[in-house]
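Everything below concerns the one structure shown next.
The values are calculated or read from the model by the stated rules, or taken from the named source; none is laboratory data. Since we're looking at a predicted model, the values are computed, not measured. Cβ coordinates were reconstructed from backbone atoms using ideal geometry, including for glycine residues, and neighbour counts include every protein chain displayed.
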Amino acid sequence: MFKRIARWAGSIMIAAYALGLVVLFLAQRSLLFAAPVPLPTAAPRSAERATLSLSGGTVPMWWSNAADAPMVLFFHGNGGQLSRTVRTGRDAAAAGLGFAAVEYPGYGESTGAGPSEEGCIEAGRAAIAELTKRGFSPPICMGHSLGTGVATALAAEGRCAGLVLASPYTSIADVAAERYPFVPVRWLLLDPFDSLARAPSVEVPALVVHGLDDGVIPFTMGRTLANAIPNARFLERKRHHNDILDGETWAKVAEFAGVEE
């Protein structure tokens, strides 16, 4: 009898585990792409805007540039959206940089397809093409958190003049494996964002910034990724995950971009 109970209990545990895997698989994009409630796309009054056509819909972007200032194309984190990049753009401008930002599919005022790794990268390609059409040189691609995977992918494709990563991960699979150690995440993941695999293909100069007190993405991942990029400088800051983009970091980005004080 006890053997039957044990088999029955074991079967229930296996079924519950399998069900949990199914739920995680189906919900993974809502967990990874935690898009906030959409807000109207905000931009400084002096900024220019465009709506970019992608294979699965459209995404908005905006940019603002002072004469001869290096252009930074910024990719926000998974809990951000384009309307929240205005302050980031002001901080970049205060450091002497031009600034552009593009929305991800499934975020803000985008239309059509939901978010995915390929969709985010496609939006980045379209943004660079738009800047090129407007007469800009290749931008410095910069990402924060989730956006570091997008920026790294574009730099690995040779589309950027430089690469800046703030609070980066080695891959989303590595982050998920730390959070869900009993789940075979590498088998289930639809959007791996494997920056570590792409790192050796980055041929442009890179700056990697990570906070020692980052409680979202381990500090060690930033250092590991920087070591894998051939021409990268690593900067550690006494910061957390969401306060890394302060004035000191932007000053370092401007220095990296060649802005003279």
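Here are a few things to note about the model shown:
- Pairs meeting the criteria (first residue in the range 209-231 and touching a residue at least 60 places away in the same chain (Cβ under 8 Å) and farther than 11 Å from Ser167 by Cα, second residue of a type in the set (Val, Ile, Thr) and assigned to a loop (DSSP other than H, G, I, E, B), beta carbons under 8 Å, at least 6 apart or on different chains) are Ile229/Val202.
- At least 1 residues being in contact with a strand residue (DSSP E or B) (Cβ under 7 Å, 6 or more places away or on another chain) and among the polar types (S, T, N, Q) is the threshold, and among the strands (runs of 3 or more DSSP E) wholly inside the range 27-146 those reaching it are 48-54, 57-64.
- Residue list for the range 91-149, filter: within 14 Å of Cys160 (Cα to Cα) and β-branched (Val, Ile, Thr): Ile121, Ile128, Thr132, Ile140, Thr148
- Positions within the range 108-155 being more than 16 Å from the chain's Cα centre (by Cα) and hydroxyl-bearing (Ser, Thr, Tyr), in sequence order: Ser110, Thr111, Thr132, Ser137
- Test: residue in the range 173-183 that is within 12 Å of the chain's Cα centre (by Cα) and either touching a residue at least 24 places away in the same chain (Cβ under 8 Å) or not in a strand (DSSP E or B) (or both): no
- Of the residues in the range 57-73, at least one is at pLDDT 95 or above and surrounded by fewer than 19 Cβ atoms within 10 Å (Cβ to Cβ).
- For the range 20-45, filtering for residues that are at pLDDT 75 or above and either under 15 Å from Glu117 (Cα atoms) or not hydrophobic (A, V, I, L, M, F, W, C) (or both) leaves 13.
Let's see how each residue does on (1) at pLDDT below 95; (2) touching a Lys or Arg at 6+ places or on another chain (Cβ under 9 Å); (3) assigned to a loop (DSSP other than H, G, I, E, B):
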{"position": "Glu203", "(1), (2), (3)": "no, no, yes"}
{"position": "Val209", "(1), (2), (3)": "no, yes, no"}
{"position": "Ile217", "(1), (2), (3)": "no, no, yes"}
{"position": "Gly222", "(1), (2), (3)": "no, no, no"}
{"position": "Pro230", "(1), (2), (3)": "no, no, yes"}
{"position": "Leu235", "(1), (2), (3)": "no, yes, no"}
{"position": "Ile244", "(1), (2), (3)": "no, yes, yes"}
{"position": "Val253", "(1), (2), (3)": "no, no, no"}
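- Qualifying positions in the range 26-78 - free of Cβ contacts under 8 Å to residues at least 24 places away in the same chain and of a type in the set (Lys, Arg): Arg45, Arg49
- Yes/no for Asp243 being surrounded by fewer than 16 Cβ atoms within 10 Å (Cβ to Cβ) and in contact with a strand residue (DSSP E or B) (Cβ under 8 Å, 6 or more places away or on another chain): yes
- The residue of the range 184-201 that is nearest to the chain's Cα centre (by Cα), among those that are part of a helix (DSSP H, G or I), at pLDDT 95 or above and buried (at least 16 other Cβ atoms within 10 Å of the Cβ), is Ser195.
- All of (1) in contact with a Leu (Cβ under 9 Å, 6 or more places away or on another chain); (2) at pLDDT 95 or above; (3) surrounded by 17 or more Cβ atoms within 10 Å (Cβ to Cβ) hold for Leu97 with one exception: (1).
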